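Novice: Submitted below is the structure of interest, expressed as structure tokens.
The values are calculated or read from the model by the stated rules, or taken from the named source; none is laboratory data. It should be emphasised that the depicted structure is a prediction, and the values quoted were computed from it without experimental measurement. We place every Cβ from the backbone using ideal geometry, glycine too, and count neighbours over all the protein chains shown. Accessible surface areas use protein heavy atoms only, side chains included; no ligands, DNA or RNA. Shrake-Rupley method; radii C 1.70, N 1.55, O 1.52, S 1.80 Å.
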Amino acid sequence: MKTEVLSVYGMTCQHCVKAVTNALKRINGVTEVSVSLEDKSAKVYYNENTTSREIFEHAILEEDFFLTPQEVDKQTDLENKNDANVSSTDKKNTAISLSVEGMTCANCANTIEKVLKKTTGIFKVNVNFPLKRCTVEYDDTQLSPNEIINHISTAGYQAFSMKDGGTTPIKNNTSKEKRLFIFAAAFALPVLGLTYLSPFAHSQTNLILFILASLVQFGPGLYFYRGAYYSLKNKSTNMDVLVSLGISAAYFYSAYSFLFIDPMAHTFFDSSTLIITFILLGKLLESSAKSKTSAALEKLLSLQANKARKIINGRSELVPLSEIVVGDFIQVQPGEKIPVDGVLTEGITSVDESLLTGEPMPVEKKLGDSLAGATINQSGLITLRAERVGKDTLLAQIISMVEEAQTDKAPIQRLADQISNYFVPLVVLSAVLTFCVWYFLPIEISRESDRFLFSFQLMIAVLVIACPCALGLATPTAIMVGSAAALRRGILFKKGSLLENISKLDVILFDKTGTITEGHPELVHIIPVSGRNKEELLKIAASIETHSSHPLAKALVEAANNQSIVLLNTQEVMEIQGQGTQAMINGKCIKIGKAEFVSEDKKSLHLLAEQLKTYETHGHSLVYIAEDNTLLGALTLSDRIKPDSAQAIKRIKSLSIKTGLISGDNAIAVKEIAKQAGIEHYQAEVKPEDKISQVKAWQNKGFRVAMVGDGINDAPALAQADIGLAIGSGADVAKETGDIILVNNTLMDVVRSIELGRMTLRTIKQNFFWAFFYNLIMIPIAAGLLYPEYGIILKPEWACIAMWLSSLTVVGNSLLLRKKSAALFETVNPQAPISI
């Protein structure tokens, strides 16, 4: 066993620590990893016969961190590394989203990433080819957005800033390709007729073909030449290089033969013209198909209101939404969209929140309830106070999360990126070998065929049939469709890579209160001692607990209110997390919470425990109360398990995933809830800060662990887990610390998240199969593999049709994921506004 200590720069938060830790733990031979944010280091314990330091360094770099000090580490308190779509208030680390035009394949996206990563002051770059989008994290003291755009322009592409911090989804801009296609098709049709009908003498036909082909070659064809030029200039290769080689070989050979050798020579003017036309047609069809994968964002934006009825001097006036600020009072009439997030201050109504939850049933709203922007006020005239506007609204947060998920790269995408780097050079080599084999080897061909022309035609066919586009589309299109399907049901993936990672889980750990249970405990028993009566004990307990937000505390306060008990004045209230609360009442120190916290009198606690045995308290939560260390009694509360919790746990276990329950409650209550839910492993009386140790314990056994909790009290455990799932109200989505936000308060969405992740990963693998299948099968066919036995060859113009069919197949297969995932969301209203 050997130990290595590596420097890791660029980490800014616990999410970064988790990313580095998980990356190193995935390496075979690694037994333990300890990453320190403060020391900027990672200590790795490993088997030196299995792995090495070089592999660790590569893994750290793959996660976009650094091994040497960068400018980012010389700056102060950078924004959370995972916040990639919203500009930071820390002016030294800013994120920007750009739309990019001119990309023709995945290699173009890789080229832009390489160019920007070499630029000083840029920390992180992610280019999404299907969405035509680029997100960049940079130091705004060294660079400006215009300078980043200029770097992209220098690489040969056009970039444009997106409004509202990247919350405007990209629309596939096909107008340019459409104009080029129409131009090319207008000349391709007569070229096709002249070639196959030959109405004129051969020399005259060649002259007309030369003129028409030249117009296409130096008109729409320049589109590919320009892309190839910049690709080679950036020391890369892309689809444009292959297409340019193919059409150049066909056109310039034909032009040379016609002009300088023999006007009656056999030419390939039809091939060059039809290749350009068919590829432009393929790009149009592909663009149309890809636009469907991002339809969810388009529909989200259409839900936003653009005006609001602001109350000014007691009267409501219709004003642009941009004029609304926090604190304004807004009137909303029945049937209107609620314009911003706020709190209901006047009126009672029901609200259609299917935008957030996918559920068709309206939700009743009363005074003090929160309202989300873009939901629909159904029944009453209401007034609300604006709490969040603009980028801070729930809808803007959701759009931002979806955009980040769709632009994020899944780990499996790295395989495609690596293959794409070598793909074009290998295709060019294959084309040259094809020509050499058929031209120089004595392989029998038709007596009517010229060996040079035959070999030359096959070489062109190989060049145009292969394209890295399908490989580049395989992962992102599936991620886009999968994340949109999840969005429809109120499941928000903060990163697209989570769709792949969640499919590989081994263990899921659950918080109890509000996750497995309803989270609304009710008071059952009051057991006073020391001469106190039940009402007095409840009065003291509720007076202190009115200052706490814990579900048990709320239940005690509610019980006191139901009995119209007047609460006592309290001073010096202090809540000790995981233990209880203490306060001064009438000069005496009152403590309420766990037994060991409220009193050290073990004899009194033992006597009370004996008294509790006479009550039916099986599975109840116990709250003890003491005055100046003198035990006053105990209260028992019961929290019912959610109706679907047991079913969800059963489904999770059927997926071969272990389950565990972690709670700060007493052992009896935790054991009972675990039994009812069907959870085999459980741990009771765990402090919130100690839940992280429970997660680590499973991870140290080599398991990939998910944690499901409320996203606030369980924040450390959610951050430590390989995947954190925050379950709770959609109104709190901006506060959640989980990787995945489950807007609906149901564990069935945990099951759906896992199954959707597995379904998405299967789709990605299928896409890779089709991408490889086309190239592995069609390149040999284009090279003439079937000719000796069957006399079949693939003409260059038909080869390019096969090429773009591979991309359409991949995109089409990704779109099928929408139908395949429908069974997971059978309870979703088909008329929900954001269904896709």
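Novice: Of the peptides 741-750, 313-322, 223-232, how do they stack up when ordered by the mean number of other Cβ atoms within 10 Å, highest first?
Specialist: Answer by packing, highest mean first, reads 741-750, 223-232, 313-322.
Novice: Oh, and also: Specify the angular offset, from 0 to 90 degrees and rounded to the nearest 10, of the alpha carbon long axis of helix 469-488 from the longest principal axis of the alpha carbons in the chain.
Specialist: 30 degrees
Novice: For the stretch 123-135, in order, what is each residue's ³J(HN,Hα) by Karplus, 6.51 cos²θ - 1.76 cosθ + 1.60 with θ = phi - 60°, in whole Hz (x at glycine and Pro)?
Specialist: 9, 8, 9, 9, 10, 9, 5, x, 7, 6, 10, 10, 10
Novice: Counting only protein heavy atoms and a 1.4 Å probe, tell me what percentage of the chain's accessible area is made up of carbon and sulfur.
Specialist: So the carbon and sulfur contribution to the accessible surface is 54 percent.
Novice: Right, next: Arranged from highest to lowest average of other beta-carbon atoms within 10 Å per residue, in what order do the peptides 588-595, 117-124 appear?
Specialist: Order by mean packing, descending: 588-595, 117-124.
Novice: Given H placed 1.01 Å from N in the peptide plane, which residues other than close sequence neighbours of G738 have an amide H under 5 Å from its amide H?
Specialist: For G738, whose amide H was placed from the backbone, the distant partners under 5 Å are A726.
Novice: So I have (i) 55, 37, 25; (ii) 63, 30, 23; (iii) 132, 28, 22, and one of them is semi-axes √(5λ) of the Cα gyration tensor in Å calculated from this model. Which one is it?
Specialist: Correct label is (ii).
Novice: While we're on this one: Order the peptides 804-814, 697-707, 480-490 from the highest to the lowest mean number of other Cβ atoms within 10 Å of their residues.
Specialist: Ranking the peptides 804-814, 697-707, 480-490 by packing returns 480-490, 804-814, 697-707.
Novice: Read phi for every residue in the stretch 502-516 and hand back ³J(HN,Hα) as whole Hz from Karplus 6.51 cos²θ - 1.76 cosθ + 1.60, θ = phi - 60°, with x for Gly and Pro.
Specialist: Calculated HN-Hα couplings, in order: 5, 6, 10, 5, 10, 9, 10, 9, 10, 6, 8, 5, x, 10, 7 Hz.
Novice: Could you give each residue of the stretch 578-583 its phi-based ³J(HN,Hα) in whole Hz, using Karplus coefficients 6.51, -1.76, 1.60 with θ = phi - 60°, and x for Gly or Pro?
Specialist: x, 10, x, 9, 10, 7
Novice: Also: Once amide H atoms are placed 1.01 Å from N in the peptide plane, what residues at a sequence separation of 5 or more from L661, or on another chain, have their amide H within under 5 Å of its amide H?
Specialist: Those qualifying (amide H under 5 Å, at least 5 residues apart or on another chain) are F510, H681, Y682, Q683.
Novice: Further question on the same structure: If amide H atoms are built 1.01 Å from N in the plane of the peptide, which residues on other chains or at least 5 residues away come under 5 Å of the amide H of C589?
Specialist: D628
Novice: Could I ask something else about it? Roll a 1.4 Å probe over the protein chains and send me the accessible area per residue for the chain in Å².
Specialist: Computed with neighbouring chains in place, this is 43 Å² per residue.
Novice: What value, in deg cm²/dmol to 500, does the helix sum -39500 (n - 2.57) over DSSP H runs of n ≥ 4 give at 222 nm once divided by the residues of the chain?
Specialist: Helices in the chain give a 222 nm mean residue ellipticity of -14500 deg cm²/dmol.
Novice: Let me ask you something else. Please report, in debye to the nearest 20, how large the charge dipole of the chain is about its Cα centre when each Lys and Arg carries +1 at its beta carbon and each Asp and Glu carries -1 there.
Specialist: In debye, rounded to 20, the chain gives about 1600.
Novice: Can you give me the solvent accessible area of R53 with a 1.4 Å probe, rounded to the nearest 10 Å²?
Specialist: 80 Å²
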